[in-house]
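Trainee: My questions will all concern the structure given below.
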């Protein structure tokens, strides 16, 4: 009898609700299916060959290289609800990663009659492996504000976490979320990598045009709380700019950097040490670092940071490849001159800094020590970034 009464009360409470959120099944998958599938293969060579063979197929039979395949962005999430007593919009979906709705984000319905919202990714950019809380606000028939009960969902715990911006800045992702060999994980919302925030200079005298929209700048400053912009481009590309495209409140650090086998030259080993020390200062976080395409210089530094934090060699390679899918630089015979220094450079050069039997991660650590970084600095970085 008590159980029946409880069920009836529960149903009664639901029927009395005016706006009822529809359940979002958890875990919510954020990675595109093509990316999840290619990440299942073990080696760089295997993944490159699979991409190569896929490209040879007729377009309608391709999986990775099909016209409909999407890369470097997360799947969208749809919020939906039921109006039980004629409620109307404009509806506002409020969501946050905490029950108190601290630092909330918002999505809005386009029409007063809409009962669902699929916000563009640049308004959401959900963290991976994270529980989110959400509610809907609208108007009752007599124009009074009505707010639904709070609902929740959890995102799938699988890196990488892609970041979408409204402007012309792509290939952007959180360095966090990757699991380490000792069972820990890199913290999210601490380090972001991507393309340049402004165009390269056209003449070497004036900085290029800002690629960010006003909404991007607001989101990066007030949601991500970016404090440091580490620019890896050359002086010619930046025209010796001194202020970040995010504005004067962000610390702008410019280190003209190299990539791939170039990072093993004495000159750029010193630059690598300068870059790494940016990440040993807690006051610099959160950090956004980039070159122009977020591929080579940015990718080389990313790999060093991930390896030092304990991300397995396989996942370090996959994250480097994320920039290029579905066309990997190794596929030069199909896609023109191979002007990229390839991932094999890492595999050939880092072992020179280790002994026989040393792991890839240990070799990268020894490389940093040869750059002039101390173990104290390495451990400081790990303490900041690992959870």
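Trainee: For residue 299, which of the numbered conditions (1) in a helix (DSSP H, G or I); (2) out of contact with any helix residue (DSSP H, G or I) (no Cβ under 8 Å at 6 or more places or on another chain) fails to hold?
Mentor: Residue 299 satisfies all of (1) in a helix (DSSP H, G or I); (2) out of contact with any helix residue (DSSP H, G or I) (no Cβ under 8 Å at 6 or more places or on another chain) except (2).
Trainee: Examine the stretch 202-216 for a residue that is assigned to a strand (DSSP E or B) and either within 21 Å of residue 295 (Cα to Cα) or out of contact with any helix residue (DSSP H, G or I) (no Cβ under 6 Å at 6 or more places or on another chain) (or both), and state whether such a residue exists. Walk me through how you get there before you give the answer.
Mentor: Here is the first cut: in the stretch 202-216, the ones assigned to a strand (DSSP E or B) are 210.
If we keep only those that are either within 21 Å of residue 295 (Cα to Cα) or out of contact with any helix residue (DSSP H, G or I) (no Cβ under 6 Å at 6 or more places or on another chain) (or both) too, we end up with 210.
Checked the stretch 202-216: at least one residue is assigned to a strand (DSSP E or B) and either within 21 Å of residue 295 (Cα to Cα) or out of contact with any helix residue (DSSP H, G or I) (no Cβ under 6 Å at 6 or more places or on another chain) (or both).
Trainee: In this structure, does residue 277 turn out to be assigned by TED's automatic domain parsing to the domain that holds residue 375 and surrounded by fewer than 20 Cβ atoms within 10 Å (Cβ to Cβ)? Steps first, answer last, please.
Mentor: Values: assigned by TED's automatic domain parsing to the domain that holds residue 375: yes; surrounded by fewer than 20 Cβ atoms within 10 Å (Cβ to Cβ): yes.
In short, yes.
Trainee: Any residue at all in the stretch 237-244 that's at pLDDT below 95, surrounded by fewer than 21 Cβ atoms within 10 Å (Cβ to Cβ) and more than 21 Å from residue 295 (Cβ to Cβ)?
Mentor: Kept after step one, since they are at pLDDT below 95, are these residues of the stretch 237-244: 240.
Restricting the remaining residues to those that are surrounded by fewer than 21 Cβ atoms within 10 Å (Cβ to Cβ) gives 240.
When the remaining residues are screened for being more than 21 Å from residue 295 (Cβ to Cβ), the result is 240.
Yes, because at least one residue in the stretch 237-244 is at pLDDT below 95, surrounded by fewer than 21 Cβ atoms within 10 Å (Cβ to Cβ) and more than 21 Å from residue 295 (Cβ to Cβ).
Trainee: Would it be correct to say that residue 189 is out of contact with any helix residue (DSSP H, G or I) (no Cβ under 7 Å at 6 or more places or on another chain), within 17 Å of residue 215 (Cβ to Cβ) and in a loop (DSSP other than H, G, I, E, B)?
Mentor: Judged against the criteria, residue 189 is not a match.
Trainee: Still on this structure, I have one more. Name the residues in the stretch 80-102 that are under 26 Å from the mean Cα position of the chain (by Cα) and exposed (fewer than 13 other Cβ atoms within 10 Å of the Cβ), would you?
Mentor: Step one: list which residues in the stretch 80-102 are under 26 Å from the mean Cα position of the chain (by Cα), which gives 80, 92-102.
Hits for the stretch 80-102 are 98, 99, 100, 102.
Trainee: Of all residues being at pLDDT 95 or above and on the phi > 0 side of the Ramachandran plot in the stretch 103-144, which is surrounded by the most Cβ atoms within 10 Å (Cβ to Cβ)? Just the residue, please.
Mentor: 125
Trainee: Output the residues belonging to the stretch 247-263 that are buried (at least 17 other Cβ atoms within 10 Å of the Cβ), out of contact with any strand residue (DSSP E or B) (no Cβ under 6 Å at 6 or more places or on another chain) and within 14 Å of residue 197 (Cα to Cα).
Mentor: none
Trainee: Output the number of the condition that residue 191 fails; it satisfies all remaining conditions of (1) within 30 Å of residue 240 (Cα to Cα); (2) surrounded by fewer than 23 Cβ atoms within 10 Å (Cβ to Cβ).
Mentor: Just one mismatch for residue 191, condition (2).
Trainee: Looking at (1) part of a helix (DSSP H, G or I); (2) touching a strand residue (DSSP E or B) at 6+ places or on another chain (Cβ under 8 Å), can you tell me which one residue 304 breaks?
Mentor: With respect to (1) part of a helix (DSSP H, G or I); (2) touching a strand residue (DSSP E or B) at 6+ places or on another chain (Cβ under 8 Å), residue 304 is out only on (2).
Condition check ((1) at pLDDT 95 or above; (2) assigned to a helix (DSSP H, G or I)) across all residues:
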site	(1), (2)
325	no, no
346	no, yes
361	yes, yes
370	yes, yes
382	yes, yes
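Trainee: Another question, if that's okay. Quick one: would you say residue 72 is buried (at least 18 other Cβ atoms within 10 Å of the Cβ), in contact with a helix residue (DSSP H, G or I) (Cβ under 8 Å, 6 or more places away or on another chain) and assigned to a helix (DSSP H, G or I)?
Mentor: no
The values are calculated or read from the model by the stated rules, or taken from the named source; none is laboratory data. Note that the structure is a prediction, hence the values are computed from the model and not measured. When we count neighbours, we look across all protein chains shown, and the Cβ atoms used for this are built from the backbone with ideal geometry, even at glycine.
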